[in-house]
Amino acid sequence: EKIMKKISITSNILKIIGITCMIFDHIGYYFFENIDIQVFYMFRIIGRIAMPIFTFLLVQGFFHTKNLKKYLLKIFGMAVFTQLILFILQFMFNRYTNLKYIDLVSCLNILFSFSLILLVLKSFSNLVKNKLNFILIIFIFLLYFFINFDYSFRVLILGICFYFCEMYKLRYKNEYIYKILIFISILLICIDKNILSYFSILSCIPIFLYNGKLGNKSKKLKNIFYLSFPINHIVIGLISIILNQVGEL
């Protein structure tokens, strides 16, 4: 615990850790046929750390943003942009490669779930004032039965759990219980047939080191963080297509 207090990281550092883990995950996915199976699993294991970190940061953003509407529109706009990129990449993979395992469009990307999480959290915070918000929450949950989202219900559940963890921390100021609740929240979404999912619990390490501070407030850095998700798909995806074309020559 003393070591944890000495070592602390800002949200910007936490974002960099999440982005790095995401890049490893996508390299493993896009280059499955080009890398050793053990390297593939190692990259995918590292990748399991990313989703809980980004979900945690999203909830932190909900509590700290000065303009929730602008924050939500940015996330949703990036979700739409990313989905268009994924459709284009899928077309290119189908057209120019024989990599049949690449499936980028069978579900909506995680940023759509992030947008819905923000709507649910906003509805929770207004539930006392307006009971109609409960209908919106139910509607959002029902969407997951009809639309295929990346990670399915797990992202939504995790976002809600993190919200109540934060509410507990704000009310009772108990860091120990707060961290236990964070751990349990992540453990809940690890329950899956895929053994790789259980490695998501490793995300607790950087999350517990978070000191609640933003760090560098550069707008350029902020925009890079927003664009990191679609850009890494573009770069890694195109490299995979090019290498596949070279390999067929």
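The values are calculated or read from the model by the stated rules, or taken from the named source; none is laboratory data. Here the structure is a predicted model, which is why all the values come from computation and not from measurement. Reconstructed Cβ throughout: ideal geometry from the backbone, glycine too, with neighbour counts over all protein chains shown. SASA here: full protein model, heavy atoms, side chains in, ligands and nucleic acids out. Shrake-Rupley method; radii C 1.70, N 1.55, O 1.52, S 1.80 Å.
Here are the numbers for this structure:
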read-out: Loop trypsin sites (Lys or Arg not before Pro), the range 1-101 (other Cβ atoms within 10 Å of the site Cβ: 11 or fewer; DSSP); value: Lys66, Lys100
read-out: Carbon + sulfur, % of accessible area of the range 89-244 - ligands and nucleic acids excluded, 1.4 Å; value: 70
read-out: Percentage relative contact order, the chain, counting C-alpha pairs under 8 Å, at least six apart; value: 32
read-out: Dipole of the chain, positive end: most advanced residue of Leu243, Leu111, Phe56 [Cβ charges, Cα centre]; value: Phe56
read-out: The chain, helix-only ellipticity at 222 nm - DSSP H runs n ≥ 4, -39,500 (n - 2.57), divided by all residues, nearest 500; value: -24500 deg cm²/dmol
read-out: Gyration tensor verdict on the range 1-118 (Cα atoms; rounded if a/c is under 1.5, prolate if a/b is larger than b/c, oblate otherwise); value: oblate
read-out: Of Lys70/Lys169; Lys129/Lys220; Lys131/Lys220; Lys179/Lys219; Lys15/Lys66, those spanning more than 29 Å from alpha-carbon to alpha-carbon; value: Lys129/Lys220; Lys131/Lys220; Lys179/Lys219
read-out: Accessible area per residue, Å², the chain with all protein chains present, probe 1.4 Å; value: 57
read-out: Label of the coordinate-derived value, Cα extents along the principal axes in Å, listed as [x] 47, 44, 33; [y] 55, 46, 34; [z] 64, 46, 40; value: [z]
read-out: Gain in span if fully extended, Ile224 to Ile177, counting 0.36 nm per residue against the direct Cα distance; value: 13.5 nm
read-out: Neighbour cut-off at most 14 other Cβ (10 Å), DSSP loop, trypsin sites (Lys or Arg not before Pro), the range 134-176; value: Lys173
read-out: Electrostatic dipole magnitude of the range 1-75 [Cβ: Lys, Arg +1; Asp, Glu -1; Cα centre; debye, to 20]; value: 640
read-out: C-alpha center-to-center spacing [the range 73-127, the range 157-198] in angstrom; value: 24
read-out: Folded to 0 to 90 degrees: helix 50-64 orientation relative to the chain principal axis, Cα; value: 40
read-out: Cα-based shape type of the range 193-249, given that a ≥ b ≥ c are square roots of the gyration tensor eigenvalues and the cut on a/c is 1.5; value: oblate
read-out: Only Lys, Arg (+1) and Asp, Glu (-1) charged, at Cβ; the chain dipole about Cα centre in debye; value: 1420
read-out: The range 82-198 - charge dipole about Cα centre, Lys and Arg +1 at Cβ, Asp and Glu -1, debye rounded to 20; value: 300
